[in-house]
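The values are calculated or read from the model by the stated rules, or taken from the named source; none is laboratory data. All values reported here derive from a predicted model rather than from experimental measurement. Positions of Cβ are backbone-derived with ideal geometry, glycine not excepted, and every protein chain shown enters the neighbour counts.
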Amino acid sequence: MMQIADIIFYLTGLITLSSALMVILTKDIFRAALFLAATFLGVVALFILLFAEFLAAVQLIIYVGAISVVIIFAIMFTKNVKIGNPFSNFRITGFLLGLFMCGLLIISITAFDWDTITTLDTKEMEIVVYAYQNSIYYIGKILVSNLVVPFIASSFILLAAVIGAISLVKERTE
């Protein structure tokens with residue numbers, strides 16, 4: 001018998017996959033961007049259902065909050081948006097690549113030994129639970145100790161991207 005959490009999980013996964021499919025199939029690029037934002041929100045919901053709150057917060061802030069908004073603004077500033085997505089010459093190649101990746105994913109899932117998860121002894125299970133409960137602390141500790149230089153470098157790269165975007169928009173309005 002399926003529990004309510006399982007039903008919500010499968011329903012959220014179905015909605016997420018449907019909106020991801022609509023990103024590919026819709027002709028209107030603005031609606032495709034909105035479906036992409038809906039897909040990102042679906043992934044946030046899946047992370048929440050899987051008790052990965054930190055990943056859900058990062059997904060919400062970065063992808064839904066930043067990437068989706070930037071894509072929508074880029075579409076709004078682009079000329080000739082009414083044309084839509086023209087037929088691509090890479091549609092067959094993309095389909096074959098997607099089919100290959102789907103097959104690789106299915107092979108990976110079926111080849112994994114799922115019994116190793118359930119055969120952990122009590123001490124190993126306590127270590128796994130402790131690591132998941134304190135993962136945010138350890139990620140933060142690593143970011144400000146071992147990875148402080150790449151963290152600062154990525155912030156400067158993002159700052160340069162924002163300044164470049166502002167300068168591009170400012171040149172068009174003058």
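Going through region 2-44 one residue at a time, which ones are of a type in the set (Gly, Ala, Ser) and either surrounded by 13 or more Cβ atoms within 10 Å (Cβ to Cβ) or in contact with a Pro (Cβ under 8 Å, 6 or more places away or on another chain) (or both)?
13, 18, 19, 20, 32, 33, 37, 38, 42 - these are the residues of region 2-44 that are of a type in the set (Gly, Ala, Ser) and either surrounded by 13 or more Cβ atoms within 10 Å (Cβ to Cβ) or in contact with a Pro (Cβ under 8 Å, 6 or more places away or on another chain) (or both).
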Applying the selection to region 117-127, what residues are assigned to a helix (DSSP H, G or I) and either modelled with pLDDT under 70 or in contact with a Gly (Cβ under 9 Å, 6 or more places away or on another chain) (or both)? 117, 118
Only one of 17, 55, 46, 41 that is assigned to a helix (DSSP H, G or I) and under 24 Å from residue 91 (Cβ atoms): 17
Tell me, yes or no, whether region 27-40 has at least one residue that is among the acidic types (Asp, Glu) and within 30 Å of residue 139 (Cβ to Cβ). no
